[in-house]
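Engineer: Structure incoming, see below.
The values are calculated or read from the model by the stated rules, or taken from the named source; none is laboratory data. Just so we're clear, the structure is a prediction, and the values are computed from it rather than from any experiment. All Cβ positions, even for glycine, are placed from backbone atoms using ideal geometry, and neighbour counts span all protein chains on display.
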Amino acid sequence: GAFADPDFNDVLTYGLAGTVPVWLNFDPVAGNFSGTPTAPGYYPISLTATDNYGTITTNLFTLTVTGTSQVNFNTLTGAVVPNAANKILALQFSGVSGYAYRLQQTTNLVNPVWSDVTTQVTDVNGMLQINVTNPPATSFYRTVYP
């Protein structure tokens, strides 16, 4: 849908012009891009369309890659600590230093509805301690960035 040719029954062929990241693949028949970025950044892309008469037009756009260096959290410890007034779920995570992560919770995994519990930033060692007071009897948790 990036190009339109006013000539009746013209067939457009597609291609890329200029500098293209080595990790970016383009299928000109299907019109699909694929690839795995190697670094965050802004990547200008020049997509060309050529009609049956050799007329070429270009559509410029930018791919924005963020967070490729982030790693998922690893749960180091998780325990329910009962006390006289309530239950406390204590979770300790390790991740990327200085990143803000959200802890989300759901009570089922069939059609989960995830609710934010808290958002916190990891310390200089990539550690994060989260305490959840009185969690539901059955709960599932995940971390989400950002």
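Engineer: Only one residue in 144, 71, 96, 65 is within 30 Å of residue 21 (Cα to Cα), modelled with pLDDT under 80 and out of contact with any Gly (no Cβ under 9 Å at 6 or more places or on another chain), so which one is that?
Structural biologist: 144
Engineer: Please give the strands (runs of 3 or more DSSP E) falling wholly within segment 1-65 in which 1 or more residues are touching a Phe, Trp or Tyr at 6+ places or on another chain (Cβ under 9 Å), exposed (fewer than 11 other Cβ atoms within 10 Å of the Cβ) and at negative phi.
Structural biologist: Once the strands (runs of 3 or more DSSP E) in segment 1-65 are filtered for at least 1 residues that are touching a Phe, Trp or Tyr at 6+ places or on another chain (Cβ under 9 Å), exposed (fewer than 11 other Cβ atoms within 10 Å of the Cβ) and at negative phi, what remains is 24-27, 32-35, 56-65.
Engineer: Filter segment 101-118 down to the residues that are in contact with a Phe, Trp or Tyr (Cβ under 9 Å, 6 or more places away or on another chain) and surrounded by fewer than 13 Cβ atoms within 10 Å (Cβ to Cβ) and list them by number.
Structural biologist: 108, 109
Engineer: While we're looking at this one, here's another question. Just to be sure I understand, how many residues within segment 103-128 are under 26 Å from residue 85 (Cα atoms), touching a Ser or Thr at 6+ places or on another chain (Cβ under 9 Å), in contact (Cβ under 8 Å) with a residue 12 or more places away in the chain and in a strand (DSSP E or B)?
Structural biologist: Residues flagged as under 26 Å from residue 85 (Cα atoms), touching a Ser or Thr at 6+ places or on another chain (Cβ under 9 Å), in contact (Cβ under 8 Å) with a residue 12 or more places away in the chain and in a strand (DSSP E or B) within segment 103-128 amount to 5.
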